[in-house]
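Peer 1: Got a structure for you, questions after.
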Amino acid sequence: MIITILTDNNDSWIIPYVDTLKDKIQERHTAHHVYDITDVQESDILFILSCENIITRKQLDLCGNNIVIHPSLLPKGRGWSPLAWQILENSNRIPMSLFEASECVDSGDVYMVDYIELRGSELNEELKQLQGKKTIDMALSYINQYPMKGQSQKDSESTYYSKRDANSSELDVHTSICDNFNTLRVVDNDRYPAFFLRDGKKYIIKVYEV
């Protein structure tokens, strides 16, 4: 088969895992990794991983199947940063849905669901490692079982997460470190570090496991 992987952000955290996935795919199939939807050629499977831009129907029609792997139990948890939001909800069992991309965000047929099991102490880097490894496993499983029959989502049961930004990393100075710990777990120390405001000043906190 011809399999293409699209990541439209050159600086994405998932790039090292995409490189590993591509190498594993190439053991049995032809694999390409591209950074722009306009570089996608006709393929049997297109994996759309950690992409930020919505893809049109015309672009999706280039490939036999267009696959997204999203960390929520669809149709619940559509939208942005579902892994972070679920950790903030105190979840230690994170579902991963592998599904068909469509023009409506996160609404295509679901082919498989797997789970990431957490201890409750993982910080952002380890969380991304677990998500990246699970993404590889699920993508390879899908290829090995290709073609698969999907199950349609029930839109009536859908929920949506909003986009997180730098302001989402603010800590509550009126509560304890324990109360703020899940926020500390999901912040990006480099791009979106944790911070708090006091007496009109902003202070940044970076967290590492020792």
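The values are calculated or read from the model by the stated rules, or taken from the named source; none is laboratory data. What you are looking at is a predicted structure, and each value in this text was computed from that prediction instead of being measured. Glycine gets a Cβ as well: all are built from the backbone with ideal geometry, and neighbour counts include every protein chain shown. Please note that ligands, DNA and RNA were not included when accessible areas were found on the heavy atoms of the full protein model with its side chains. Shrake-Rupley method; radii C 1.70, N 1.55, O 1.52, S 1.80 Å.
Peer 1: Nearest 10 degrees, 0 to 90: what angle lies between the long axis of helix 15-25 and the longest principal axis of the chain (Cα atoms)?
Peer 2: 30 degrees
Peer 1: With θ set to phi - 60° and the Karplus curve 6.51 cos²θ - 1.76 cosθ + 1.60, what are the ³J(HN,Hα) couplings of segment 69-75 in order, to the nearest whole Hz, using x for Gly and Pro?
Peer 2: Per-residue couplings from phi come out as 10, 10, x, 7, 8, 4, x Hz.
Peer 1: With a 1.4 Å probe and all protein chains left in place, how much accessible area per residue does segment 99-153 have, in Å²? If you can, show how the numbers build up before the last one.
Peer 2: On the way: 2830 Å² over 55 residues.
I get 51 Å² per residue for this part.
Peer 1: Here's a follow-up. Round to the nearest 10 and give me the degree value, 0 to 90, for the angle of helix 124-144's Cα axis relative to the longest principal axis of the chain.
Peer 2: 10 degrees
Peer 1: How much of D188 can a 1.4 Å solvent probe reach, expressed as accessible area in Å² and rounded to 10?
Peer 2: Counting only protein heavy atoms, the figure is 40 Å².
Peer 1: Around S107, which amide H atoms from residues at least 5 apart in sequence, or from another chain, sit under 5 Å from its own amide H, with H modelled in the peptide plane?
Peer 2: Under 5 Å from the amide H of S107: S102.
Peer 1: Of all alpha-carbon pairs in the chain, indicate the percentage at a distance above 33 angstrom.
Peer 2: Working: 4172 of 21945 pairs.
In whole percent, the share of Cα-Cα pairs in the chain beyond 33 Å is 19.
Peer 1: On the protein heavy atoms, probe 1.4 angstrom, tell me the percent of accessible surface of segment 106-210 carried by carbon and sulfur. Each step should come with its number before you reach the end.
Peer 2: Details: 3230 of 6840 Å².
C and S atoms contribute 47 percent here.
Peer 1: Spelling out what I want: for every residue of segment 154-163, take phi, set θ = phi - 60°, compute 6.51 cos²θ - 1.76 cosθ + 1.60 (Karplus), and round to whole Hz; glycine and proline get x.
Peer 2: 3J(HN,Hα) across segment 154-163, in whole Hz: 9, 4, 5, 9, 6, 10, 10, 9, 7, 6.
Peer 1: Would you mind getting me the FRET efficiency between M148 and L62? Use the beta-carbon distance for r and R0 = 22 Å, nearest 0.05. Don't skip to the answer; put the middle values down first.
Peer 2: Working: r = 20 Å, r/R0 = 0.90.
The value I calculate is 0.65.
Peer 1: Using θ = phi - 60° and the Karplus form 6.51 cos²θ - 1.76 cosθ + 1.60, what ³J(HN,Hα) does each residue of segment 82-92 get, whole Hz, x for Gly and Pro?
Peer 2: x, 5, 4, 4, 5, 5, 5, 8, 6, 7, 10
Peer 1: Further question: In the structure displayed, which of K76/K149; K22/K76; K76/K134 lie more than 26 Å apart, Cα to Cα? Kindly include the intermediate steps, with their values, before the conclusion.
Peer 2: On the way: K76/K149 20 Å; K22/K76 29 Å; K76/K134 19 Å.
Those over the limit are K22/K76.
Peer 1: Let me ask something else about it. What do you get for Rg/Rh over segment 6-110 if you use C-alpha atoms and the Kirkwood form of Rh? Don't skip to the end; give the middle numbers.
Peer 2: On the way: Rg = 14.2 Å, Rh = 14.6 Å.
Looking at segment 6-110, the ratio lands at 0.97.
Peer 1: Next question. Under unit Cβ charges (Lys, Arg +1; Asp, Glu -1), what dipole magnitude, rounded to 20 debye, does the chain have relative to its Cα centre?
Peer 2: On the way: 22 positive and 32 negative charges, 71 e Å.
Dipole of the chain, to the nearest 20 debye: 340 debye.
Peer 1: Turning to a different aspect of this structure: Set Lys and Arg Cβ to +1 and Asp and Glu Cβ to -1, take the dipole of segment 25-135 about its Cα centre, and tell me which of T38, S107, L74 lies farthest positive.
Peer 2: Value computed over the given set: L74.
Peer 1: Over the Cα atoms of segment 133-210, how large are the radius of gyration and the largest Cα-Cα distance (Dmax), in Å?
Peer 2: Considering segment 133-210 through its Cα atoms, Rg and Dmax are 19.4, 59 Å.
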